[in-house]
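The values are calculated or read from the model by the stated rules, or taken from the named source; none is laboratory data. Note that this is a predicted model, so its numbers are computed, not measured. Note: ideal-geometry Cβ built from the backbone for every residue, glycine included; neighbour counts use all protein chains shown.
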Amino acid sequence: MENTVIARLSGGGQSNLSSLTGIGAGFEPFRAAEQRTIKSGFTLAEVLITLGIIGVVAAMTLPALIQKNQETELTTRAKRMYSEVNQAIKLYEAQNGTPGDVRGLFEAQNGVSNSSQLAIDFAKYFSGAKVCKSKNDIGCSKYFYLLEYAVPQVDSSGNLTGRYFSTPKIILKDGVVIGINQSTGCNLLQTTDKKDEYGRPIKDEHGNIQTITWKQACCWLYIDTNGPKRPNKYGMDAFEFNIFPEGMSIAPVKATGSESMKNLLTNGKLKYTNYKVGDKMEF
């Protein structure tokens, strides 16, 4: 900021200034008073303090903004993926005249599962899709990677773990990756160990592992909405779905994103818990 002070000379005008030239050195006070500039600004210390405050505020707010933007993008992609896969299934039903029945596409033939062939057959209902039967196929190795669970899961040693994304895959043009695991038959009864929220087997009072019986899906879809890009985590960019004879449904497994997907479809919010694979879980 500049403040300019102008000294007013009696008599005004250039003629009076000219008449003073004969005064010699006595004119200098008038010249100094004629125009004086006063400058004001910030000191170096004030600038450094201000920059420090800006840095602290940025460090506090930027991570939250980045996470919010990421979740907005992931939410949009998950909704689009859910619609896209359902449309492909409806297209199959329409072309084959089997509304409400997808067994002709997804059910194993003669009780023999063939996930690679199913991936090839299902890919026909997506425009420009590519099939990766294994990581050894040309250009496919990057689509086989580890997915973290939506909530912490432990292995037999108590270490936090994930699931390797190993099944045959369909790669869509928009980057969505659909992993396919075909069962040996639709609605067959299966018995497995009953597990707690961390994936540990539940035992009865005698120390025996409890079991549960459930109906087997025709196949399971493990879908990553943005492919190999991070975060590669169920409940954020990855979700599991069941395919039964009547169509697709959310797999009722919290660890593979069931609560997150249900939450997303009802109120638009993802639901998950952050953890680090390999860390020890303390109980």
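Select from segment 232-253 the residues that are within 15 Å of THR76 (Cα to Cα), of a type outside the set (Asp, Glu) and in a loop (DSSP other than H, G, I, E, B) and list them in ascending order.
Let us first name the residues in segment 232-253 that are within 15 Å of THR76 (Cα to Cα), namely 235-239.
Then keep just the ones that are of a type outside the set (Asp, Glu); that gives 235-236, 238-239.
Across segment 232-253, the qualifying residues are GLY235, MET236.
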- In segment 211-222, is there at least one residue being surrounded by fewer than 17 Cβ atoms within 10 Å (Cβ to Cβ) and not in a strand (DSSP E or B)? yes
- Message: Can you find a residue that is in the same structural domain as TYR82 (by TED's automatic domain parsing), more than 20 Å from ASP279 (Cα to Cα) and in contact (Cβ under 8 Å) with a residue 24 or more places away in the chain anywhere in segment 200-214?
- Response: yes
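Among the residues of segment 42-62, is any outside any helix (DSSP H, G or I) and either modelled with pLDDT under 95 or under 16 Å from VAL176 (Cα atoms) (or both)?
As a first pass, look at segment 42-62 and keep what is outside any helix (DSSP H, G or I): 42-43.
Filter again for either modelled with pLDDT under 95 or under 16 Å from VAL176 (Cα atoms) (or both), leaving 42-43.
Yes, segment 42-62 has at least one match.
Criterion first (in a helix (DSSP H, G or I) and not aromatic (Phe, Trp, Tyr)) does THR98 satisfy it?
Values: in a helix (DSSP H, G or I): no; not aromatic (Phe, Trp, Tyr): yes.
Judged against the criteria, THR98 is not a match.
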- Query: Which one of these does ASN187 not meet: (1) surrounded by fewer than 16 Cβ atoms within 10 Å (Cβ to Cβ); (2) in contact with a Ser or Thr (Cβ under 8 Å, 6 or more places away or on another chain)?
  - Reply: (2)
- Message: Let me spell it out: the conditions are (1) touching a helix residue (DSSP H, G or I) at 6+ places or on another chain (Cβ under 7 Å); (2) surrounded by fewer than 19 Cβ atoms within 10 Å (Cβ to Cβ); (3) among the hydroxyl-bearing types (Ser, Thr, Tyr), and SER127 meets all of them except one. Which number is the exception?
- Response: (1)
- With the checklist (1) closer than 23 Å to MET281 by Cα; (2) surrounded by 18 or more Cβ atoms within 10 Å (Cβ to Cβ) in hand, flag the one item GLN182 doesn't pass. (1)
- Note on the structure: When (1) free of Cβ contacts under 8 Å to residues at least 24 places away in the same chain; (2) surrounded by 14 or more Cβ atoms within 10 Å (Cβ to Cβ) are applied to THR225, the one that fails is (1)
